[in-house]
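Undergrad: Just passing along the structure, written as structure tokens.
The values are calculated or read from the model by the stated rules, or taken from the named source; none is laboratory data. Worth saying up front: this structure is predicted, and the values here are computed from it rather than measured. With ideal geometry, Cβ positions are generated from the backbone for all residues, glycine too; neighbour counts draw on all protein chains shown. We work out accessible area using only protein heavy atoms, side chains counted, and drop any ligands, DNA or RNA first. Shrake-Rupley method; radii C 1.70, N 1.55, O 1.52, S 1.80 Å.
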Amino acid sequence: MDRRDFIATTSALGALPLTAHAQSRPKDVLVVANEFGPNSLDIHTVGANRPAYGVSWLAYDRLMSYGKKTLPDGRVTYDRDKLVPELAESWRLAPDGMSVTFKLRKNATFHDGTPITAKDVKWSFDRAVTVGGFPTFQMKAGSLEKPEQFVVVDDHTFRVDFIRKDKLSMNNMAVVVPCIFNSELVKKNATAADPWGLTWTRNNTAGGGAYKVESFRPGQEIVYTRFDGWKSGPMPAIRRIVQRDVPNAGNRRALLIKGDIDMTYDMPPKDFSELAKEGGQVKVVSNPIENSIMYLGMNTTQAPFDNPKVRQAIAWVLPYDKMYENALYGRAAKMYGGSGPVKTTAWPQPTWYNTDVAKAKALLAEAGFPNGFETTLSFDLGGATIGEPMAVLTQEALASIGIKTQLNKIPGATWRAALLKKDLPMVLNRFGGWLDFPEYFFFWCYHGQNAVFNTMSYQNPKLDKIITNARFAESKPIYDASVKEMIQIAYDEVPRVPLFQPSQDVAMQKNVNGFMYWFHLQPDYRQLSKA
């Protein structure tokens, strides 16, 4: 879609005409263009993509959120160590640390005016731990596992009983998944086959968050309007947001420079690098994505990737520097070229792998594949601006040791569903842990429970035990030793090859203020304003 078609389509759909430049648009209206938008309005639905996280964050409340902090260079980020009230106005931990009791705001309502009560909170938590898949595993990461843990004390008092002491339990209730649904509204649209109403919530919201979804056209546009009855935080300055899907990065850049949009994410690193240097009416905010790694993953349930020597051979042949320079344009941290063994608990940290074709050939021969083999490498077409050049460079490097690789481009809207099948031989992917702890990353990505983000289907009972030791360590020496050991095993076995710690780059008009980095990497329009 070129710029003319984009503007014409937007006008035809009745949204804000984008020919209104930034200076002439109302200060309470924000226009955003991204590579792709949400494929669902509910993070609990199967295959919900990253932009869907943003919908749940805006349209629903949680009991708590995170505070914010300003870094020495002026960037503003959420504060993982500071929990602040959202739907709950206060909470109290039991003296024995085995439960927490929340007091809900008595004047809070859902978008349809229905008062929010503790029964809605319990129903929502019950749903999260029961529907399976990503939301249930996310809740389990903080030892929130059974409906029996969630207790309605009275209409405005809700208690969570802990099944064990877990330092992630409280933090986990402030991430995106445990959002609060209008239980009666969803139940009216549920069926015997779909008791949690997931089919309906995929295309409809039932929340009480700061923004309502005014319209949703998958693959085209989502429009938000402010919920003026919101009681769980300061009233946002932005009244209306038009968030468009514009797949072509060049078109998004042109729209931003022209002033037709206020903000864009997900452009190629080259564009962000150039925009940052050009200045003008556009500014670029960049943050390293904490607890996040771009990687090449190999399916350990399929030959020949069940052989550690094959995996190590691939780790030694990858063209790390070429990818860094030609796909990422230096806008990332290198996760290769370090030294072993692991000596620190820092996470993420570089591996000791680097490009060494001779070593890769030798390992492949030792594994019984002196002439290589044939395989497939899959990547997310929704992130093709980075993923495709990385895949092509990987394909060329693997060919140098006899591995013939077919590239498989999977549309962004179905990428998560494709990963869930666990049948892809090799993938280029990125994972970022919402809770900034190494054991949380490993619980998702390496544990034998085989969550969706263990894209390699890696199983190692010894590592599982070490991850558990780190999660529930009773002393710092035990914790530190566990973290070092789990990193060492992951890098020795290398079911996934760490490549880079990515950066989040966001370009916006200079009159857009209040941008804040969040762990979920989605725009939080609640903090934004326009000068």
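Undergrad: Given the residues 115, 135, 85, which is the only one that is under 19 Å from residue 186 (Cα atoms) and open to solvent by 40 Å² or more (accessible area, probe 1.4 Å)?
TA: Answer to the selection: 115.
Undergrad: Considering only residues of the range 45-80 that are closer than 28 Å to residue 244 by Cα and of a type in the set (Val, Ile, Thr), which is most open to solvent (accessible area, probe 1.4 Å)?
TA: 46
Undergrad: Additional query: Tally time: how many residues in the range 498-512 are in contact with a Lys or Arg (Cβ under 6 Å, 6 or more places away or on another chain) and either among the aromatic types (Phe, Trp, Tyr) or in a loop (DSSP other than H, G, I, E, B) (or both)?
TA: Of the residues in that region, 2 qualify.
Undergrad: Still on this model: Take the residues in the range 467-491 that are open to solvent by 10 Å² or more (accessible area, probe 1.4 Å) and of a type in the set (A, V, I, L, M), then tell me which one is farthest from residue 416 (Cα to Cα).
TA: So, considering only residues that are open to solvent by 10 Å² or more (accessible area, probe 1.4 Å) and of a type in the set (A, V, I, L, M), the one farthest from residue 416 (Cα to Cα) is 478.
Undergrad: Checking residue 272 against (1) under 24 Å from residue 394 (Cα atoms); (2) modelled with pLDDT under 95; (3) open to solvent by 10 Å² or more (accessible area, probe 1.4 Å); (4) not in a loop (DSSP other than H, G, I, E, B), which test does it fail?
TA: The failed condition is (3).
Undergrad: Being open to solvent by less than 10 Å² (accessible area, probe 1.4 Å) and assigned to a loop (DSSP other than H, G, I, E, B) is the filter; apply it to the range 252-266 and report the residue that is farthest from residue 31 (Cα to Cα).
TA: Taking the candidates together, the pick is 259.
Undergrad: Let me confirm something: among 394, 405, which residue is among the β-branched types (Val, Ile, Thr) and either surrounded by fewer than 19 Cβ atoms within 10 Å (Cβ to Cβ) or not in a helix (DSSP H, G or I) (or both)?
TA: 405
Undergrad: Of 205, 199, which residue is outside any helix (DSSP H, G or I) and not hydrophobic (A, V, I, L, M, F, W, C)?
TA: Testing whether each residue is outside any helix (DSSP H, G or I) and not hydrophobic (A, V, I, L, M, F, W, C) leaves just 205.
Undergrad: Does residue 130 satisfy the criteria of being within 21 Å of residue 416 (Cβ to Cβ), open to solvent by 50 Å² or more (accessible area, probe 1.4 Å) and among the hydroxyl-bearing types (Ser, Thr, Tyr)?
TA: Here the answer is yes, as residue 130 does meet what is asked.
Undergrad: Quick one: would you say residue 94 is aliphatic (A, V, I, L, M) and either open to solvent by 80 Å² or more (accessible area, probe 1.4 Å) or under 27 Å from the mean Cα position of the chain (by Cα) (or both)?
TA: Considered against the rule, which asks whether it is aliphatic (A, V, I, L, M) and either open to solvent by 80 Å² or more (accessible area, probe 1.4 Å) or under 27 Å from the mean Cα position of the chain (by Cα) (or both), residue 94 comes out as no.
Undergrad: So in the range 316-335, with the set limited to residues that are open to solvent by less than 10 Å² (accessible area, probe 1.4 Å) and assigned to a helix (DSSP H, G or I), which one is nearest to residue 273 (Cα to Cα)?
TA: 323
Undergrad: Those residues that are surrounded by fewer than 20 Cβ atoms within 10 Å (Cβ to Cβ), part of a loop (DSSP other than H, G, I, E, B) and not basic (Lys, Arg), I need them from the range 208-251; list them, please.
TA: Of everything in the range 208-251, those that are surrounded by fewer than 20 Cβ atoms within 10 Å (Cβ to Cβ), part of a loop (DSSP other than H, G, I, E, B) and not basic (Lys, Arg) turn out to be 218, 219, 220, 228, 229, 233, 234, 235, 237, 247, 248.
Undergrad: Tell me which residues, restricted to the range 454-497, are in a helix (DSSP H, G or I) and among the basic types (Lys, Arg).
TA: 462, 465, 471, 476, 484, listed by residue number.
Undergrad: Please go through the range 395-432 and give me each residue that is over 26 Å from residue 503 (Cβ atoms), small (Gly, Ala, Ser) and touching a Phe, Trp or Tyr at 6+ places or on another chain (Cβ under 8 Å), ordered by number.
TA: 402, the sole residue that qualifies.
Undergrad: Conditions: (1) surrounded by fewer than 17 Cβ atoms within 10 Å (Cβ to Cβ); (2) of a type outside the set (Phe, Trp, Tyr); (3) closer than 25 Å to residue 327 by Cα. Residue 494 meets all but one. Number of the miss?
TA: The one condition residue 494 does not meet is (1).
Undergrad: Sticking with this one: Just checking, how many residues over the range 477-531 are among the aliphatic types (A, V, I, L, M) and closer than 25 Å to residue 282 by Cβ?
TA: 8
Undergrad: Okay, next question. Taking the options 104, 144, 93, name whichever one is in contact with a His (Cβ under 6 Å, 6 or more places away or on another chain) and closer than 14 Å to residue 63 by Cβ.
TA: None of the other options fit; the residue is 104.
Undergrad: Restricting the first residue to the range 165-192 and requiring it to be more than 23 Å from residue 49 (Cα to Cα), which pairs with a second residue that is among the acidic types (Asp, Glu) and surrounded by fewer than 22 Cβ atoms within 10 Å (Cβ to Cβ) meet a Cβ separation below 9 Å and a spacing of at least six or different chains?
TA: Between residues of the range 165-192 that are more than 23 Å from residue 49 (Cα to Cα) and residues that are among the acidic types (Asp, Glu) and surrounded by fewer than 22 Cβ atoms within 10 Å (Cβ to Cβ), the close pairs are 185/112.
Undergrad: Select from the range 408-445 the residues that are in a strand (DSSP E or B), open to solvent by 30 Å² or more (accessible area, probe 1.4 Å) and in contact with a helix residue (DSSP H, G or I) (Cβ under 8 Å, 6 or more places away or on another chain) and list them in ascending order.
TA: 409, 430
Undergrad: Next question, about the same structure. Restricting attention to the range 33-47, and to residues there that are of a type outside the set (Ser, Thr, Tyr) and touching a Lys or Arg at 6+ places or on another chain (Cβ under 7 Å), which single residue is nearest to residue 259 (Cα to Cα)?
TA: If we take residues in the range 33-47 being of a type outside the set (Ser, Thr, Tyr) and touching a Lys or Arg at 6+ places or on another chain (Cβ under 7 Å), then 33 is nearest to residue 259 (Cα to Cα).
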